[in-house]
Amino acid sequence: MLLRNQLAALLTIIFSCHTLAATPSPDELDSLFAARGIIYQQDDNGGNINTNEDATIYEGILLFQKRLNDTNAASIKAVGDIVTAASYDDARDKAETVSAATGYNPGRFNIETRWKYRSSDLNSNRFGFNLHASYGQEYAYRSTGYGFGLSQSLNEESTQLSAQFQYFDDTVRMIRFDGSKETDAPRDTFTSTLSLTQTLSPVSLFDLSWVHSKQTGMLATSFNSVVINLPPNSTQLEIEKAPDLRVRDTLSFRYKHALGKDSVQLGASTYRDDWNLQGHAIEARYFYRIREGRLTFEPSYRFYTQKSADFYAKQFDAVKEYQTSDSDLGNFDGHSAGVLVSYWSSTWLTSQLSNYEIGFNYYQRSDNLDFYWLTLGWYTPL
Amino acid sequence: MKHCILLIFTLACISGCTGVRFNERERLAEPDMSFSSSPLKSEIEADVYSAREGAAGVFSGGGGGGCGCY
């Protein structure tokens, strides 16, 4: 309590030029503009021992949503990445050398449009519908996505049921680790998400979701390689090979509880697929709120443990039907901790309060492939 | 798969028995009580985790696809 009072007093001095106003309650159809940037750094001290997995990624996202009337809203979102990743750059450089291609394509972009409908507020048990489409492109990957979703509130909106369906029609450019090229290959993904959000009391609620996904086509990373040990003391590089079907299921549960001005969020999730990869995660977040909720500190911790896919190995003694040394499909535990600070303040752009965020997360994997990321966010109701 | 559908359906039926009236939801309406409190926040986290973990859709929608993920 003493710490809270001292912190509140300090921040009162710092932000004393602003008058207090209640933070706006979000509504999914409200007009808004949001911008977010991320700097991601990955340091390869382990992971796949055959590959340099150092990576630096700068990502920017812009979102504009316009409320069209009481029941409809439309949005457009643009994502751009600049990527420096050792294995990715290596495959690209070799491919450009082999093909004599010119130009420089450092990352990816993605654009998504979405339309949302929600029945009138006059009906307390509201029905919602949304449609969306997206297109994305990277040096070695193209994606076209479509989707729609349905939602229904019940019991004076104490209960929210929703279903979301997505289809991605993707194309993998088949650039191998040695720079050779093969015919482009398709990768199709169909995902359905069912979720239930239930208010339990005036201070608590939970969310339960099930994600089922089916992927077909080229599911290996085209420029990944594996090491084959040959007797007596030599090795040979071979391409990564994965089954052309992957069925994935994830069940997640989150619980949120208000503790006076503050709140806590707890979550658990379990995942498995037919490559026999299993993953389990638990998560805790605390929302420490001061200045009438205008300033929030959000420390978080997440633990993830993974059992590898059946065809994963660090090295192989013979060429297999399926083989990967991709460390993301291996055995590891991951500890992730972070803090996000958000602040509501008036701005010159609109008469509404805007939200500013800065966050930092560090992820430590037991196979020593560690990474961290810094996020900067801003959004304003319009 | 059937078990998951049954579980969600059962919880939906059970939850229908309890309700919190509109006038009791003042605290629930504040931003920190939303599972997606600010736009794009959970999306970035999901992208990072799904790129470096074999699982997908943990605490969020999306089950793969749409990204080569380097």
(request) Evaluate the stretch A:315-327: report whether one residue or more is within 26 Å of the chain's Cα centre (by Cα) and either more than 30 Å from A:PRO243 (Cα to Cα) or open to solvent by 20 Å² or more (accessible area, probe 1.4 Å) (or both). (result) yes
(message) Tell me whether the stretch A:82-102 contains one or more residues that are at pLDDT 95 or above and out of contact with any Ser or Thr (no Cβ under 7 Å at 6 or more places or on another chain).
(response) no
(request) From (1) facing chain B (nearest Cβ under 10 Å); (2) aliphatic (A, V, I, L, M); (3) under 21 Å from A:SER308 (Cβ atoms); (4) buried (at least 21 other Cβ atoms within 10 Å of the Cβ), pick out the condition that doesn't hold for A:VAL226. (result) (1)
(request) Kindly list the number of the only condition in (1) touching a residue at least 40 places away in the same chain (Cβ under 8 Å); (2) surrounded by fewer than 17 Cβ atoms within 10 Å (Cβ to Cβ); (3) facing chain B (nearest Cβ under 7 Å) that fails for A:ASP178. (result) (3)
(request) Give me a count of the residues in the stretch A:336-355 that are within 10 Å of chain B (Cβ to nearest Cβ) and over 30 Å from A:HIS280 (Cβ atoms). (result) 2
(message) Just to be sure before I move on: is A:ARG126 among the charged types (D, E, K, R), open to solvent by 20 Å² or more (accessible area, probe 1.4 Å), farther than 24 Å from A:PHE253 by Cα and out of contact with any Leu (no Cβ under 7 Å at 6 or more places or on another chain) in the structure I sent?
(response) no
(request) May I ask you to list the residues in the stretch B:16-51 that are more than 7 Å from chain A (Cβ to nearest Cβ), over 29 Å from A:SER354 (Cα atoms) and either among the small types (Gly, Ala, Ser) or in a helix (DSSP H, G or I) (or both)? (result) B:SER50, B:ALA51
(message) Just to be sure I understand the filter: pairs with C-beta atoms under 8 Å, separated by 6 or more residues or on different chains, first member in the stretch A:159-173 and within 7 Å of another protein chain (Cβ to nearest Cβ), second member surrounded by fewer than 17 Cβ atoms within 10 Å (Cβ to Cβ) and of a type in the set (Val, Ile, Thr). Which pairs pass?
(response) A:PHE168/A:THR144; A:ASP170/A:THR144
(request) Tell me which of these A:THR216 doesn't satisfy, since it passes every other one: (1) under 29 Å from A:GLN364 (Cα atoms); (2) touching a Leu at 6+ places or on another chain (Cβ under 7 Å). (result) (1)
(request) Find the residue count for the stretch A:54-73, including only residues that are closer than 23 Å to B:ASP47 by Cβ and open to solvent by less than 60 Å² (accessible area, probe 1.4 Å). (result) 8
(message) Please determine whether any residue of the stretch A:202-224 is among the hydroxyl-bearing types (Ser, Thr, Tyr) and not in a strand (DSSP E or B).
(response) yes
(message) Can you tell me how many residues within the stretch B:52-66 are among the acidic types (Asp, Glu) and more than 7 Å from chain A (Cβ to nearest Cβ)?
(response) 0
(message) Return the pair list, or none, for Cβ contacts closer than 6 Å from residues in the stretch B:35-52 that are modelled with pLDDT under 80 to residues that are assigned to a helix (DSSP H, G or I), at least 6 apart or on different chains.
(response) B:SER37/B:PRO31
(message) Against the condition farther than 24 Å from B:GLY54 by Cβ and of a type in the set (A, V, I, L, M), how does A:LEU200 come out, does it pass?
(response) yes
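The values are calculated or read from the model by the stated rules, or taken from the named source; none is laboratory data. Quick caveat: nothing in here was measured; it's all calculated off a predicted structure. Glycine gets a Cβ as well: all are built from the backbone with ideal geometry, and neighbour counts include every protein chain shown. Just the protein is used for accessible areas: all its heavy atoms, side chains included, with ligands, DNA and RNA removed. Shrake-Rupley method; radii C 1.70, N 1.55, O 1.52, S 1.80 Å.
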